[in-house]
Amino acid sequence: MDNERLSAALEMVEQYRNEHPDSSGQPMSYTQAGKNIGVSGSILSSLRTGNYKGDSEKQVRIIEDYFAVKSHGAEVYREVDYAPTFVSETVYSVIKLCHIKGGLSMFAGDAGLSERYWGSPHSLSSLSGS
């Protein structure tokens, strides 16, 4: 097993643990990190201390693959800008009106209702039967 690859893989695990603290603010446990990565916490511990008797190459490959996927995902992911639609603008205007008047409103409908009903601009009065 190449010690440089092992050291690099364990450094990635350490960085991951520090970037994802538990609820008390402490670094994520090795058990939880291993569960997320796909390597048991005891194997991570054995790799760290140099006492792992199994196939270190396989475990390092699992760690490297996990972080390669994470890295690729970060490269290709991008936020999608808000695209206003008639439905979303109508909902926002009703919410704004509720804030101004101190009222409450509820929107409900069958799946796809917005595409069928709101596909063309309808006035809100048509919904109330006015």
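The values are calculated or read from the model by the stated rules, or taken from the named source; none is laboratory data. Values in this document were obtained by computation on a predicted structure and should not be read as measured data. Ideal geometry is used to build each Cβ from the backbone, glycine not excepted, and the neighbour counts take in all protein chains shown.
Only one residue in 71, 93, 46 is assigned by TED's automatic domain parsing to the domain that holds residue 16, hydroxyl-bearing (Ser, Thr, Tyr) and at pLDDT 80 or above. Which one? Walk me through how you get there before you give the answer.
Values: 71 fails: at pLDDT 80 or above; 93 fails: assigned by TED's automatic domain parsing to the domain that holds residue 16.
Going through 71, 93, 46 in turn, the sole match is 46.
With a cut-off of at least 1 residues that are under 21 Å from the mean Cα position of the chain (by Cα), name the helices (runs of 4 or more DSSP H) lying wholly within the range 1-104. Break it down stepwise before answering.
Details: elements: 3-19, 30-37, 41-49, 56-76, 86-101.
Per the criteria, 3-19, 30-37, 56-76.
Can you name every residue in the range 10-35 that is of a type in the set (Asp, Glu) and loosely packed, with under 13 Cβ neighbours inside 10 Å?
Step one: list which residues in the range 10-35 are of a type in the set (Asp, Glu), which gives 11, 14, 19, 22.
Matches in the range 10-35: 11, 19, 22.
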